[in-house]
Amino acid sequence: MEIEVREKNGDELVFIIRNAEVPFVNAIRRIAMMEVPKIAIDEVNVYVNDSAMFNEVLAHRLGLVPIMSDKETIEGLLDSDSTVSFTLQKSGPAIVYSGDLISSDSKIKPVYDTIPLLKLKEDENVELEAIARIGKGLDHAKWMPTTVCAYKQFPKITFNENMEVTKEIADACPRNILSFDKENKKITLGNLENCSMCKTCVRTSQSIANSVNSAINVDFIDDTFIFTIESDGSISPEEILLRSCDVLNQKTDKFITFFKGG
């Protein structure tokens, strides 16, 4: 199996996996979403809330605030039931942001300080305590470290030499991957990785030729995948991938031990 990083931009990682099978790639995707532990606010004790927002809605918003959860930061919490406490006390008129949460651990805090939580009018107050703990996406979406975790098989485009290609076929591509060479009367390919395999070009060719056959064929490579991981900022996408592989290794070892009767 080969892995090639295509793009690394902040909280997004795009890479190519070659010589792999769908079950393996899908296992990595599911583990990355559901079984990589992170910290999230799980319990909220509201003492004062004069705002128009219901306590339940406020608690839900707090639960979805990304909390720093890199391995080094939460190492001491992974093997215990330890929790981290956040306090919030604010008076209006004001907009309350995630940065107003005060953590009992300076290393464990919201990833972003500018997430709006609620708006307070004059003489309105909010006072609460939020308890954060480690969990997994299997239990609740607030513990999912990814906002996007998806893959697709690598596109493959070929041409039927017995049929003529036209500019209309190239123009039909919604992602401008195809361009028409007027001199050679050929279609040239752009960035194949951007192809969604919608087959609009194929249907256009069939319509022009008034036939089920097409001058262009869109398919995919069976053992090659384009994988995208986008993090919510709590964990870097590289760390999510590495942790997912660790979990998959543990599951594999457990299965092998069970199979051998251990």
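Quick notes on this structure:
- The single condition from (1) closer than 30 Å to F154 by Cα; (2) surrounded by fewer than 19 Cβ atoms within 10 Å (Cβ to Cβ) that L64 fails is (1).
- Helices (runs of 4 or more DSSP H) within the stretch 143-262 that include 1 or more residues within 20 Å of E12 (Cα to Cα) and either touching a residue at least 12 places away in the same chain (Cβ under 8 Å) or open to solvent by 20 Å² or more (accessible area, probe 1.4 Å) (or both): 237-259
- Residue, surrounded by the fewest Cβ atoms within 10 Å (Cβ to Cβ), within the stretch 97-121, restricted to residues that are in a strand (DSSP E or B) and without any contact (Cβ under 8 Å) to a residue 60 or more places away in the chain: P116
- Scope the stretch 10-40; condition more than 13 Å from the chain's Cα centre (by Cα) and either open to solvent by 50 Å² or more (accessible area, probe 1.4 Å) or under 26 Å from P110 (Cβ atoms) (or both); matching residues: R18, N19, E21, V22, P23, F24, E35, P37, K38, I39, A40
- Pair list, Cβ under 7 Å, 6 or more apart: the stretch 29-56 residue of a type in the set (S, T, N, Q), other residue open to solvent by less than 40 Å² (accessible area, probe 1.4 Å) and part of a strand (DSSP E or B): N45/L128; N49/V126; S51/L118; S51/L120; S51/V126; N55/N49
- Scan of the stretch 34-69 for residues that are among the small types (G, A, S) and within 13 Å of L88 (Cβ to Cβ), ordered by number: S51, A59
- Among the conditions (1) charged (D, E, K, R); (2) surrounded by 15 or more Cβ atoms within 10 Å (Cβ to Cβ); (3) closer than 23 Å to V36 by Cα, E124 misses just one, which is (3).
The values are calculated or read from the model by the stated rules, or taken from the named source; none is laboratory data. Being a predicted model, the structure only gives us computed values, none of them experimental. Here Cβ is always computed from backbone atoms with ideal geometry, including for glycine, and neighbour counts include all displayed protein chains. Just the protein is used for accessible areas: all its heavy atoms, side chains included, with ligands, DNA and RNA removed. Shrake-Rupley method; radii C 1.70, N 1.55, O 1.52, S 1.80 Å.
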